[in-house]
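Written out below as structure tokens is the structure these notes cover.
The values are calculated or read from the model by the stated rules, or taken from the named source; none is laboratory data. The model shown is predicted, which means the values in this text are computed figures rather than measured ones. For neighbour counting, all protein chains shown are included, and Cβ atoms are generated from backbone atoms with ideal geometry for every residue, glycine included.
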């Protein structure tokens, strides 16, 4: 009798644009649920935010549309069938096969680049509240030790950067990375808390602007004046 073994799953490899589009949908689903699913224009604005993004991108509608087509083919994004304007939502957890906590960490790494476990816990507050850093580290370890049958590791722990107290983590959804090269280009931990706070304030301001634009658009369609205007 011949014994057969399960074939390793093909690792998921996204382009940087696809990762940004996917992670933006994941973020907005949690931070602005009233505006979700997103239209193509709203998604473009979210991808091109200057806050809470690393690196900064300047993507056009054609870039977003191309990324959406491939993500849809991978069952990571689907189009919502409501209203006249096409809207999009992510299907990351089911498509990749990870729990919510792991999805949150991967989404943050795709949006903000390599981060320590402490930074991930702080930045995840509006997505998911982890009990402590140990909980974050536990899910990161699981993602790093993911079996070949499930597609292999999805994160890697980087070498300690010069002057840093803690090691950072990076995602592998865009393919293998050089842990040493990323570590050498990383920032030190000094001032990370104040920087994270500044990024959160900037993110809130950006989301407030988007909400105001949405309210103005809805009021225009309904033929009423926006709140505060006569």
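In a residue-by-residue description of segment 152-163, the property of being in a helix (DSSP H, G or I), over 30 Å from residue 35 (Cα atoms), in contact with a helix residue (DSSP H, G or I) (Cβ under 6 Å, 6 or more places away or on another chain) and at pLDDT 85 or above applies to no position. Inspect all residues belonging to segment 28-51 and state whether any of them is out of contact with any helix residue (DSSP H, G or I) (no Cβ under 7 Å at 6 or more places or on another chain), crowded, with 18+ Cβ neighbours inside 10 Å and under 30 Å from residue 168 (Cα atoms). Within segment 28-51, one or more residues are out of contact with any helix residue (DSSP H, G or I) (no Cβ under 7 Å at 6 or more places or on another chain), crowded, with 18+ Cβ neighbours inside 10 Å and under 30 Å from residue 168 (Cα atoms).
Could you list, in sequence order, the residues of segment 134-151 that are surrounded by 14 or more Cβ atoms within 10 Å (Cβ to Cβ) and at pLDDT below 95? Hits for segment 134-151 are 150, 151.
For segment 212-221, does any single residue satisfy the condition of being closer than 28 Å to residue 43 by Cα, modelled with pLDDT of 95 or more and assigned to a helix (DSSP H, G or I)? No; the residues of segment 212-221 include none that is closer than 28 Å to residue 43 by Cα, modelled with pLDDT of 95 or more and assigned to a helix (DSSP H, G or I). Every condition in (1) touching a residue at least 24 places away in the same chain (Cβ under 8 Å); (2) touching a helix residue (DSSP H, G or I) at 6+ places or on another chain (Cβ under 6 Å); (3) crowded, with 22+ Cβ neighbours inside 10 Å is met by residue 121 except one, and the failing one is (1). A single entry from 78, 94 fulfils the requirement of being closer than 26 Å to residue 44 by Cα, touching a strand residue (DSSP E or B) at 6+ places or on another chain (Cβ under 8 Å) and free of Cβ contacts under 8 Å to residues at least 40 places away in the same chain: 78.
Could you name every one of the helices (runs of 4 or more DSSP H) located completely within segment 1-116 that has at least 3 residues being more than 16 Å from the chain's Cα centre (by Cα) and either within 19 Å of residue 128 (Cα to Cα) or at pLDDT 95 or above (or both)?
Working: elements: 16-31, 40-47, 61-73, 100-112.
So the answer is 61-73.
When residue 86 is tested against the conditions (1) under 21 Å from residue 126 (Cα atoms); (2) surrounded by fewer than 21 Cβ atoms within 10 Å (Cβ to Cβ); (3) touching a residue at least 24 places away in the same chain (Cβ under 8 Å), the lone failure is (1).
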